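Have a look at this one.
No lab work stands behind these numbers, since they all come straight from the coordinates. None of these values were measured; they are calculated from a predicted model. Ideal geometry is used to build each Cβ from the backbone, glycine not excepted, and the neighbour counts take in all protein chains shown.
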Amino acid sequence: MSRIEDALKKATEMEGRFEEPKAPRPVLSSEDPKALSLLAPVRTNVQFGLAGIPNPVVTVCSALPREGVSTIVYYLAQILSADKRTLVVDANFRSPKMHQLLRVDNARGLSDIILEKRSVEECVTSTSITNLELLSSGPGASAAHWFLGSAVARGVLQECRKRADIVLVDAPPLRETPDTAVLGSFTDGVVLVVRARKTKRELVRYAQELLDNAGAHQIGVVLNRMKFWIPGFLYRRL
């Protein structure tokens with residue numbers, strides 16, 4: 001058994017020990033400028049990595065579930081919307097969260113467009129945040145899941161590009177949905193979210209290999225939930 005296969009097996013065993021949260025609970029407050037500033041370097045790096053590309057589309061994904069992708073997209077979108085028309089696309093059909101985080105209805109969305117029931121114009125929803133719109137996952141996600149890496153999905157992203165200055169795609173984990181790599185190749189760049197002290201290096205390499213093989217442009221990695229240990233003797237001096 002290869003190191004990657006072994007890491008995948010161990011990750012599966014570990015996932016079974018944790019319960020899936022019923023609803024996303026952001027660890028930062030959207031009303032706290034200091035909290036939002038934590039993701040300011042990510043915004044800077046994304047803009048630098050996509051310099052010269054008009055109306056860029058960015059895929060944000062991870063190797064495993066529960067790495068914090070939706071939370072990263074949620075706060076990054078708020079920062080970007082301060083001076084750009086921002087559109088978030090929730091393509092994580094297995095575990096959609098953006099409609100809950102942004103508190104909008106999920107009666108229509110991406111699944112309707114992929115299944116050719118509605119247009120992009122009909123499904124994009126305004127949010128309470130200025131300059132920020134959402135294309136939620138929509139109903140019937142299980143059926144639309146198989147079209148994630150299709151030409152139809154690519155066409156939808158091109159339509160979304162016309163509506164905003166920047167588009168963020170909340171994509172499903174690469175291990176569960178390898179088509180995410182294909183979806184990433186439809187966009188201008190991919191940001192990989194890695195949960196500190198949880199995701200194995202072999203899994204990160206596995207995810208990056210999938211993206212490379214699909215021809216996706218990786219523009220950076222976000223190390224999420226990183227904690228810095230301070231020795232007791234030093235802590236008492238702070």
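Need the C-alpha centroid separation for region 158-180 versus region 83-144, integer Å.
Cα centroid to Cα centroid, the span is 11 Å.
Quick one: which residues, 5+ away or cross-chain, put their amide H under 5 Å from the amide H of Gln218? H built at 1.01 Å from N.
Val190
Using per-residue counts of other Cβ atoms within 10 Å, averaged over each peptide, order 137-149, 186-198 from highest down.
186-198, 137-149
Another question, if that's okay. Expressed as a rounded percentage, what relative contact order does region 38-226 have, with Cα pairs under 8 Å and six or more residues apart?
Normalised by residue count, the contact order of region 38-226 is 32 percent.
Something else: Using only the Cα atoms, what convex hull volume per residue in Å³ does region 38-226 have?
Per residue, the Cα convex hull of region 38-226 comes to 100 Å³.
From the phi of every residue in region 74-79, what ³J(HN,Hα) in whole Hz does the Karplus formula 6.51 cos²θ - 1.76 cosθ + 1.60 yield, where θ is phi - 60° and glycine or proline is x?
4, 7, 5, 5, 5, 5
Would you kindly derive the ³J(HN,Hα) couplings of region 53-68 from the backbone phi angles with the Karplus curve 6.51 cos²θ - 1.76 cosθ + 1.60 (θ = phi - 60°), listing them in order in whole Hz, with x for Gly and Pro?
Going residue by residue, I get 9, x, 6, x, 10, 10, 8, 10, 8, 9, 7, 10, x, 6, 8, x Hz, with x marking Gly and Pro.
List the residues whose amide H sits under 5 Å from the amide H of Val169, counting only those 5 or more places along or on another chain, with H placed 1.01 Å from N in the peptide plane.
For Val169, whose amide H was placed from the backbone, the distant partners under 5 Å are Val58, Thr59, Val60, Val89.
Using the Cβ atoms and a cut-off under 10 Å, what net charge is assigned to the surroundings of His99, where Lys and Arg are +1 and Asp and Glu are -1?
Cβ neighbours under 10 Å give a net charge of 0.
Take Leu110, Leu211 and order them by how many other Cβ atoms sit within 10 Å, fewest up front.
So the ranking, lowest neighbour count to highest, is Leu211, Leu110.
While we're looking at this one, here's another question. Work out from phi, with θ = phi - 60° and the Karplus expression 6.51 cos²θ - 1.76 cosθ + 1.60, the ³J(HN,Hα) of each residue of region 163-174, listed in order in whole Hz, and give x for Gly and Pro.
8, 9, 6, 8, 10, 10, 10, 7, 9, x, x, 5
Which residues in region 150-183 place their backbone N less than 16 Å from a point set 7 Å from the Cα of Lys117 along the Cα-to-Cβ direction?
It comes to no residues whatsoever.
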